[in-house]
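A short reminder: the numbers here are calculations on the coordinates, not readings from a lab. As the structure is a prediction and not an experimental result, all values here were calculated from the model. Cβ placement follows ideal geometry from the backbone for every residue including glycine, while neighbour counts extend to all protein chains displayed.
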Ligand SMILES: *Cc1c(COP(=O)(O)O)cnc(C)c1O
């Protein structure tokens, strides 16, 4: 989103026009921003066979998936339903990685039958996999290198108490299982959590992985997961991707030399590719002056964007309707009957009832975590592509809220039940 001649625009389109055309609340994604993130990541590496696996749990709209696919990005899936959506979007099966945790073995078998790349993060499951497939199906192994990193406790997944991956301290056990069950390990994977920030942390983790790789002679790839940090506040420090790419390219080339073969280097960004592309446009329903604060109440809430309440995440908020207005301080709150504050004590250009507020960084883990809480409809989604705003998901309707519900009392006459105590005398 850009401020041009005192007007906020996306690819030249006034944001207020988009809000008027598609109504609010509305998720709007800028395809140019997604493409530029893809290109920055790709161009930061040189001399290595890089593959980007988009972590689709961050934003799974089919049009977003197709945009990724067109830009030669592959897919990282964490559920069989994501795998099915990826196939529906047209990704070839061999470009889909399935990285589940705590799923039933049936789900793994379904993924095998669909032909996608399987990533296993549990020794017991690995043994079972070996028994069932007897070396006929290759797999990757998810390792937990116990590098503690990540923006907050809920998104740290590499620490010693984490449920993810097979502990690096259990690698000799893994090796025994792999040998005794004739398992064809074609990839080693790690993912240490979101918001890792420091390229040194990635390099440290990479070295742990390279060290492990020596024990697996059939590898085709090393997958270093994700955790790239993006700016939520203007002053936020972000992962320096060009620096990471440069250092990692050198380290990986060195590793391939000692391994004896060129492998592929995989990353699985979600947030990095889509977070900044997304904006949640809301309309101000009410202003409320209380002794403690001025509340701006908007037509959205934690049902549409739960990150502020769930992770204490900071999302920058802009008044797109009044870019020249004087700054005032607001608490921006939602319309859900539960505390659902989008931002406390925010300096924002003067807000008037009816103004459009944009909640920034709403590409990743935003729509994909939305719910129907309070029986609200989930918003529509719009993708701005080639200078045009396209509806990529319709706003929900009452039918969506009742779809799948079985109304048993359309057949059972409950109204005349004798157990109903009358209050009328
Ligand atoms: C969630 C997830 C990612 C993406 O993490 P981001 O912080 O969004 O980049 C990558 N890999 C796996 C296995 C994940 O579960």
Residue 386 versus residue 131: modelled label distance in nm, points set 7 Å from Cα along the beta carbon direction: 5.4
Tell me the angle of helix 171-180 to the major Cα principal axis of the chain, expressed in degrees between 0 and 90 and rounded to the nearest ten. 60
On a 0 to 90 degree scale, rounded to 10, what angle separates helix 123-133 from the longest Cα axis of the chain? 70
Can you give the FRET efficiency for residue 110 and residue 417, using 1/(1 + (r/R0)^6), R0 = 35 Å, r = Cβ-Cβ distance, to the nearest 0.05? 0.20
Can you give me the Cα centroid spacing of region 190-239 and region 1-68 in angstrom? 23
For a Förster distance of 56 Å, can you work out the FRET efficiency between the beta-carbons of residue 171 and residue 324, rounded to the nearest 0.05? 0.40
For residue 84 and residue 179, compute 0.36 nm times the residue count separating them, minus their Cα-Cα distance, and round to one decimal in nm. 31.0 nm
On Cα atoms only, tilt of 241-259 relative to the major axis of the chain in degrees: 20
For the chain, what does -39500 (n - 2.57) per DSSP helix run (n ≥ 4), summed and divided by total residues, give at 222 nm, in deg cm²/dmol to the nearest 500? -8000 deg cm²/dmol
So, relative contact order of the chain in percent, Cα under 8 Å, 6 or more apart, is 19
May I ask what percent, to the nearest 5, of DSSP beta bridges between residues of the chain are antiparallel? 50
FRET efficiency for residue 163 and residue 243, Cβ-Cβ distance as r, R0 = 45 Å, nearest 0.05? 0.90
Gain upon complete extension [residue 290, residue 234; 0.36 nm per residue less C-alpha separation]: 17.3 nm
Which value in nm describes the separation of the simple spin-label points at residue 407 and residue 20, placed 7 Å from the Cα toward the beta carbon? 3.9
Range of Cα positions in the chain per principal axis (Å), largest first: 75, 69, 40
Got the relative contact order for region 31-273 handy, in percent, Cα pairs under 8 Å and 6 or more residues apart? 23
